[in-house]
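These notes are about the structure you will find just below.
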Amino acid sequence: MQIKMLKTAQGSDNGLVVNDYAEGEVYEVGEALARVFLDARFAEEVVGEAAQGEQADAGEAPDGQDLAAMTVAQLKALAEAEGIDLGAATKKAEIIALIEAAVAADAPADNATETEEQPNA
């Protein structure tokens, strides 16, 4: 479930690791943690057009964008648009690391593809 934090709080999505959830950020969390934040009015659910609007913003970001300034929803939308598999990553830092790794790994692969496409004489 996607939630947007109205207040900074800490919580655990897995019962083992306590994470910080920053005010104004959007997170993908499990139903149980989302209920805790929603019931305490620390967060609001992100649904429908609000979630789609944030994804559209991410797709329009130019190259060289500041990933740290993007919300989790925007980062996920960017990863999806670029074909980057995030696996089970839900934390902003994890998602950023995966995007950066994919971009770094993709750069040499593009050059190799261009070389292979040259016709044989």
Exercise. Tell me, 5, 70 in order of fewest to most beta-carbon neighbours within 10 Å?
Worked result: 5, 70
For this session: Could you list 42, 37 in order of exposure, starting from the residue whose Cβ has the fewest other Cβ atoms within 10 Å?
Result: 42, 37
Seminar exercise, completed: Neighbour-count ranking for 36, 29, 47, 72 (other C-beta within 10 angstrom, fewest to most) reads 47, 36, 29, 72
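Just so you know, all these numbers are worked out from the coordinates, no wet-lab data involved. In this text the structure is predicted, and so the values were computed from the model without any measurement. Virtual Cβ from ideal backbone geometry, glycine too; neighbours counted across all protein chains shown.
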